[in-house]
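Encoded as structure tokens, the structure appears first; notes follow it.
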């Protein structure tokens, strides 16, 4: 399992460089649409100079389910140039509602997995065609009971479109704590994808407390227990686990979480033996 | 009025209420729906007052004397609450009981906040935006990040010869590169 860290804005570049220098992360996940105004040559040079590791691309605001086709064409043209040039480990995006009746939702809303399915499927097909790339789509941290429909929705979407799931383990824990979606319901999704996210979450101010995907604190014990319990289902050749932090950049806290993740996914003796045998066979 | 609606099952059942403070009261206070709407509204609150804390000097520390009536008005006017959010707050303030206490500095901070929001959220090929206001001579510009090591920039320009005022309360034009153009392309009215 490769462990990565998200990079969304320039402010955190020194932190990311320290994590890389200490060997705590193996790749950097770029919130790529934040950097689309950086000239591509400069972007490539800066990445080569500062982050000498592979990158993943996480798209935040394509709004590909809602955005008009001309805007998606423009966005895809620029993204494709970067995909071709930087060859990211994966390209991921979001299935969520960004607007309602033309009004921008600042806390993204969850789609209606039943009634929105056909539209989302068509949009995923179109967005993958435009990008010339398999997309990995992130699961939503459900609050309401519609979250129960999410695992089957993603399994069907993967079957119908060939997309993958960027499975966010802590989002699944949020959905479990908020509306009781069993973590076991995601087993098929986890087994089928190599790309994962995880982050800390917080409670709503009002009660009954909602569990909100805030990316501002340490991983919860529930998330760690989930990862440990399903460790073998998550880990596979080419697997990535991005640790997301978007606020409260307490470096000791972040390092501790990355070390915990590293420990969970450390190669086991049988993995090492298997690897040695494979190496011997190649020689 | 609480519990007048059937308890929602899915998030989409709450979409009409996520931007309207008055709709929160449609749901029991101890329900997930009530807290879900509260969570949504708090982000609009923080997006406004964390970025423009000068507004709290007008409203009082909880901001609600501005936030609640503005959000109700914005819903009635079907405003998009996109990058123009702060500009429409300025428009609302000009017709509110606070109108005589709105300073040029506060207005410029609202323009800067909108320019910054455009610079971080816009996904078009434009590199910058210039905002003009009917009552202020300066331009406020927002520039998208041009390096992975930096962030968006906000600048205020005082022109030797001020541009003609926009027809509405605000106008904008986008800029392909990262410098003000030589010519004036004309004002586009801000989107609702």
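Bear in mind that the values in this text are calculations on the coordinates, not laboratory data. Keep in mind it's a predicted model, so treat the numbers as computed, not measured. Using ideal geometry, Cβ is built from the backbone for each residue, glycine included, and neighbour counts are taken over all protein chains shown.
From the C-alpha coordinates alone, can you work out the Kirkwood hydrodynamic radius of chain B, in Å?
18.1 Å
What list do you get for A:97, A:122, B:42 if you sort them by fewest beta carbons within 10 Å?
A:122, B:42, A:97
Kirkwood Rh and Cα-based Rg: tell me the resulting Rg over Rh for chain A, rounded to two decimals.
Across chain A, the Cα-based Rg/Rh ratio is 0.95.
Within a 10 angstrom radius of the beta carbon, how do A:240, A:198 rank from fewest other beta carbons to most?
A:240, A:198
What is the distance, in nm, between label points placed 7 Å from the Cα along the Cα-to-Cβ direction at residue B:167 and at residue A:184?
6.5 nm
Could you give the length gained on full extension between residue A:11 and residue A:205, defined as 0.36 nm per residue of separation minus the Cα-Cα distance, in nm?
67.0 nm
Calculate the FRET efficiency for residue A:233 and residue B:64 from the Cβ-Cβ distance with a Förster distance of 41 Å, rounded to the nearest 0.05.
E(calc), rounded to 0.05, equals 0.30.
Direction-averaged shadow area of the convex hull around the Cα atoms of region B:11-80, nm²?
5.0 nm²
Among B:157, B:49, B:170, determine the one that fluctuates most according to a GNM of chain B built with springs between C-alpha atoms less than 10 Å apart.
Highest fluctuation of the listed residues: B:157.
Once both axes come from the Cα atoms, what is the angle between helix B:32-49 and the longest principal axis of chain B, in degrees from 0 to 90, rounded to 10?
Taking the Cα atoms of chain B, the angle to B:32-49 is about 20 degrees.
Assuming R0 = 41 Å, what is the FRET efficiency of residue B:120 and residue B:30, from their Cβ-Cβ distance, to the nearest 0.05?
0.65
If you take every DSSP beta bridge whose two residues both sit in region A:2-265, what share of them, in percent to the nearest 5, is antiparallel?
Antiparallel: roughly 15 percent of the beta bridges in region A:2-265.
Using a Förster distance of 60 angstrom, determine the FRET efficiency expected from the C-beta separation of residue B:72 and residue A:249, and round it to 0.05.
Between residue B:72 and residue A:249 the formula returns 0.95.
Stokes-Einstein at 4 °C, 1.567 mPa s, Kirkwood radius from Cα pairs: D for the protein assembly as shown in µm² s⁻¹?
54 µm²/s
I need to check one value: relative contact order of region A:125-283, counting alpha carbon pairs closer than 8 Å and at least 6 residues apart, in percent.
Across region A:125-283, relative contact order equals 19 percent.
Contact order normalised by length for chain B, with contacts defined as Cα pairs under 8 Å and 6 or more residues apart; what percent is it?
So the answer I get is 15 percent.
Using only the C-alpha atoms of region B:83-144, find the volume of their convex hull and express it per residue in Å³.
Considering the Cα atoms of region B:83-144, their hull volume per residue is 73 Å³.
With angles folded into 0 to 90 degrees, how steeply does helix B:104-121 sit against the dominant principal axis of chain B? Use alpha carbons for both and round to 10.
Between the helix axis and the principal axis of chain B, the angle is about 80 degrees.
What does the convex hull of the alpha-carbon atoms of region B:104-189 project to on average, in nm²?
The orientation-averaged projected area of the Cα hull of region B:104-189 comes to 5.7 nm².
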